[in-house]
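Please treat every number below as a calculation from the coordinates, not as lab data. Predicted, not measured: the structure shown is a model, and the values here were computed from it. So basically every Cβ, Gly included, is an ideal-geometry build from the backbone, and we count neighbours across all protein chains shown.
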Amino acid sequence: MKKQELQALINLLDDKDAFVYNAVRKKLLQSESDIISDLENVVSTSENSLLTERAKEIIKQHRLQKSDEDFKEWLQNDKRLLYGAFLIAKYQYPEIVYEDVEDKLNKIVSALRSEINFYLTGLQQIRKINHVLYDVHRFTPDFSNIINPETSFLNKVLENKKSNDVIIAVVYIYISQKLGLPIYGVDFPRNFLLMFKDERSGEALFYINPLNKGAVVTKSDISRFLKNHKIKPKDQFFKPCSNKHIIIRLLKFLMNSYIQKNDTIKTEEIKRILNLFDNA
């Protein structure tokens, strides 16, 4: 779309005729041009309340539409765990850049690379990662505000170091796998777990609780927990889960945060994203 055509459409946004407005809105949302900067300029400079209100609504719809496209692409062709978590953050913070997020984590990886070697046992390797993540960088669960949506957004977690169990697991998995360690997510009830897998047998050497400073737990500990809480054991509580499943769990955590805050608009937006996973 040429600049002049775009500006002409924007000038029609305050048309009182609903038919005209809907036609303009549809045309703008179907455009492959970058319409956001022009619409944001309207919002920041115009004193026409109807024009700015409609410009804001189209910006929002355009971003939701772009978010849908990004998640569809991820489900079909990507499925990198960190990028999936990044897309959730980008839904709320559209200006963030993936490379910036990745760079922050790669600095942690670089700091650990000289510490981690294959002469160490798995437990020794995990202790070093735990020290850097929880003691040096001070990642911690936000128990004071467990319904805080910010703990689900990767960029905010890297900034504030306040996290939920799933997002800190995503960080842990990314760093560990970059270091060549066989760490995978486990879809455990109550809080998400990690497992250190013996890649020869495919079984877990041990499990890791990312919500408790990377505390190591055994299969017997897990079985005891399930029994004490009267939860029927399932294979999925002991086996690695897919990146897709981890992102679904993170989205559900975020949706529950919005439900608890009575934010019906955000709740419906996350449901919309989750529906894409149901159909993938």
Query raised in the report: Relative to the Cα centre, what is the charge dipole magnitude of region 67-224, using +1 at the beta carbon of each Lys and Arg, -1 at the beta carbon of each Asp and Glu, and rounding to the nearest 20 debye?
Result: 680
Report task. Quick one: grab the alpha carbon gyration tensor of region 154-280, order the square roots of its eigenvalues as a ≥ b ≥ c, and give me rounded if a/c is under 1.5, else prolate or oblate depending on whether a/b is larger than b/c. Result -> prolate
**Report entry** Sequence of T140, T151 once ranked by neighbouring C-beta atoms within 10 Å, starting from the fewest
**Finding:** T140, T151
Report task. Rounded to the nearest 10 degrees, what's the angle between the helix 49-73 long axis and the longest principal axis of the chain, both from Cα atoms, 0 to 90? Result -> 40
Query raised in the report: Where a ≥ b ≥ c are the square roots of the eigenvalues of the C-alpha gyration tensor, would you call region 3-66 rounded, which needs a/c under 1.5, or, failing that, prolate if a/b is larger than b/c, or oblate?
Result: rounded
Query raised in the report: When only Cα pairs under 8 Å and 6 or more residues apart are kept, what is the percent relative contact order across region 81-278?
Result: 20
Report summary line: Row for region 236-280, column shape: gyration tensor on C-alpha, a ≥ b ≥ c, rounded if a/c < 1.5 i.e. under 1.5, prolate if a/b over b/c, else oblate; value oblate
Report task. State to the nearest 20 debye the size of the charge dipole of the chain about its Cα centre, where the only charges are +1 on K and R beta carbons and -1 on D and E beta carbons. Result -> 1340
Query raised in the report: When the Cα centres of region 194-213 and region 1-69 are compared, how far apart do they sit, in Å?
Result: 50
**Report entry** Value of relative contact order over region 3-66, rounded to a whole percent, pairs C-alpha under 8 Å and six or more apart
**Finding:** 31
**Report entry** Pairs from K162/K197; K213/K234; K107/K178; K104/K162; K178/K219; K104/K156 whose Cα-Cα separation, in the structure shown, is over 18 Å
**Finding:** K162/K197; K213/K234; K178/K219
Report task. Quick one: order L193, L112 by neighbouring beta-carbon count within 10 Å, fewest to most. Result -> L112, L193
Report task. Provide the FRET efficiency to the nearest 0.05 for the R224-R127 pair, computing r from the beta carbons and using R0 = 25 Å. Result -> 0.60
Requested in this report: Among (1) 66, 45, 31; (2) 69, 44, 36; (3) 59, 48, 36, find the value of Cα extents along the principal axes in Å that was calculated from the structure presented, and write down its label.
Outcome: (2)
Report task. Counting other beta carbons within 10 Å of each Cβ, put I96, I10 in order, fewest first. Result -> I96, I10
Requested in this report: Obtain the nm distance between the two label points defined at N275 and Q177 by a simple spin-label model: each point lies 7 Å from its Cα along the Cα-to-C-beta direction.
Outcome: 2.9
Query raised in the report: Taking the Cα centre of the chain as the origin and placing charges on Cβ (Lys, Arg +1; Asp, Glu -1), which of L51, I126, I108 is farthest toward the positive end of the dipole?
Result: I126
